[in-house]
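Down below is the structure, laid out as structure tokens.
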Amino acid sequence: MTCSMYRQVHTREAFAKQCREAGVEIRLNTKATKELVEKENPDAVIIAAGSRPLVLPVPGIHGENVTIVNHYYLEKEKVGDEVVVLGGGLAGCEAAIHLAQEGKKVTIVEMREELAPDANVRHRPLLLKQIDGLAEVRTGLKGMEVTTEGVICEDREKQRHLVKGKSVICALGQRARTDVVEALQDTAPYVVSIGDCAKVSTITNAVYQGFHAALDI
């Protein structure tokens, strides 16, 4: 597990502990539907529904050899020794480092010319230095099809290349859950959206927005 992944898990557990100690009622495995929220008749609703993984509609993306990066720790046993990480943002880069440190041969495929533009400005140089020597990096390539042999990519000249890897990690980013926001928009006098469901960003921004949303109630 990379340092950033560890920090996120630690932060999650710390916040959950603080909520329980403050007497917050926590309901797990419960979908916040419009009907359920209106039944509670709340004075305020803070929507923090997060985001969904962005999965491109290309052939083979739902194959048995593909794992969505969000689900890696639930499906890590299906990831083999030769891996293509499709997507070179922060999540893809951290996954690549973790997999390479486990002894796997890793190739990062990124459509842009640079890796991890979404990383913290102080964290990014350290991240890139860590990737150097651990994983092969192929920028300027767009994933067009996933096969059992790897990912067929297209470069800027429309030439096709096979980036080999028996396993593929899909790390193409996240999409805001705007459908949840729309469903709950009028369920209380005060409704605000925070975090990824408002705009896909970082956990730091989500915590900041949540703090100020609570102050505004």
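Side notes on the structure shown:
- Residue in region 105-113 that is under 30 Å from PRO189 (Cβ atoms), part of a loop (DSSP other than H, G, I, E, B) and in contact (Cβ under 8 Å) with a residue 24 or more places away in the chain present: no
- Matching residues in region 176-192 - criterion: being among the small types (Gly, Ala, Ser) and either in contact with a Gly (Cβ under 6 Å, 6 or more places away or on another chain) or within 21 Å of ASP118 (Cα to Cα) (or both): ALA176
- Lone unmet requirement of (1) in contact with a strand residue (DSSP E or B) (Cβ under 6 Å, 6 or more places away or on another chain); (2) open to solvent by 10 Å² or more (accessible area, probe 1.4 Å) for ALA91: (1)
- Every condition in (1) touching a residue at least 24 places away in the same chain (Cβ under 8 Å); (2) aliphatic (A, V, I, L, M); (3) over 30 Å from CYS153 (Cβ atoms) is met by VAL58 except one, and the failing one is (3).
- The residue that is nearest to HIS62 (Cα to Cα), among those in region 114-128 that are within 16 Å of the chain's Cα centre (by Cα) and in contact (Cβ under 8 Å) with a residue 40 or more places away in the chain, is ASP118.
- Every listed requirement among (1) surrounded by fewer than 19 Cβ atoms within 10 Å (Cβ to Cβ); (2) within 14 Å of ILE169 (Cβ to Cβ) is met by THR33 save one, (2).
- Single residue of LYS166, LYS199, LYS158, LYS142 found to be open to solvent by 60 Å² or more (accessible area, probe 1.4 Å) and closer than 19 Å to ARG52 by Cβ: LYS199
- Residues in region 141-184 that are touching a residue at least 24 places away in the same chain (Cβ under 8 Å), within 30 Å of GLU38 (Cβ to Cβ) and not basic (Lys, Arg): 6 in all.
- ILE46 vs. criteria in contact with a strand residue (DSSP E or B) (Cβ under 7 Å, 6 or more places away or on another chain) and open to solvent by 50 Å² or more (accessible area, probe 1.4 Å): yes
- Set LYS78, LYS39: member being touching a residue at least 60 places away in the same chain (Cβ under 8 Å) and either under 28 Å from ASP179 (Cβ atoms) or open to solvent by 30 Å² or more (accessible area, probe 1.4 Å) (or both): LYS78
The values are calculated or read from the model by the stated rules, or taken from the named source; none is laboratory data. Values in this document were obtained by computation on a predicted structure and should not be read as measured data. Backbone-built Cβ (ideal geometry, glycine too); neighbour counts: all protein chains shown. Areas reflect the complete protein model, heavy atoms only, side chains present, ligands, DNA and RNA absent. Shrake-Rupley method; radii C 1.70, N 1.55, O 1.52, S 1.80 Å.
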